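The structure appears right after this line, and notes come after that.
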Amino acid sequence: MKLSKSKITLIAIIGIAVLGALWVWSSYNGLIRAKASLDTSWAQVETQYQRRFDLIPNLQATVQGAVDFEQETFIKVTEARTQWQSAGTQSEKISAAGSFDSALSRLLVTVENYPDLKATQNFRDFQVQLEGTENRIAVARKDFNESVRSYNVFIRVFPRNFLANAFGYQASDFFESAGGSENAPSVEF
């Protein structure tokens, strides 16, 4: 049986349409998976920060009970914690985390100047927990940034970028250090 030119053209058009539909379906599902992975990574960052913010009041109470610290340090820690809790967007939370990093660094440097405080078992326990939390945060940030990189590459690759733009997928921001975080905090008495 010989196919006419018009039937071959029709079959080719249908084949291309089916392949195109399969590509859109597969790419769209990939976009959903990439966004879900990114959201999961961000949730882990938030979880680790929340752990830190739940731990800090206990650490602060222990520290404050042992030594009368500089009031400004405690105010900054409290303000940074409040800023995190009231932040609504991812960008606001990243900014709040940077403020908290700075206040926490100052608190820890201040603690270094009080040998009696470092010798208390409660403080040592909290310091170990805090160190573990900071490590978890660092890992969560790294994992989040890796997810951002993967997601951003996924939505920008040709020709998927057309589909991503059509469905409103936009590049995500990396979690970056706050300006000046490369400098160690100074503590003055």
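Taken together, the values in this text are just the output of simple stated rules run on the coordinates, not laboratory data. As the structure is a prediction and not an experimental result, all values here were calculated from the model. Note that each Cβ is placed from the backbone with ideal geometry, even for glycine, and that neighbours are counted across all protein chains shown.
Yes/no per residue for (1) without any contact (Cβ under 8 Å) to a residue 40 or more places away in the chain; (2) within 30 Å of Ser102 (Cβ to Cβ); (3) under 19 Å from the mean Cα position of the chain (by Cα):
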| residue | (1), (2), (3) |
| --- | --- |
| Asn152 | yes, yes, yes |
| Asn161 | yes, no, no |
| Gly168 | yes, no, no |
| Glu176 | no, yes, yes |
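I need the full set of residues from the range 10-41 which are more than 21 Å from Phe162 (Cβ to Cβ) and in contact with a helix residue (DSSP H, G or I) (Cβ under 6 Å, 6 or more places away or on another chain), in order please. Once the filter is applied, which keeps residues that are more than 21 Å from Phe162 (Cβ to Cβ) and in contact with a helix residue (DSSP H, G or I) (Cβ under 6 Å, 6 or more places away or on another chain), the range 10-41 yields Ser37, Ser41. With the condition kept exactly as written, say whether any residue in the range 8-23 is among the hydroxyl-bearing types (Ser, Thr, Tyr) and more than 28 Å from Ala171 (Cβ to Cβ). The answer is yes, given that some residue of the range 8-23 is among the hydroxyl-bearing types (Ser, Thr, Tyr) and more than 28 Å from Ala171 (Cβ to Cβ).
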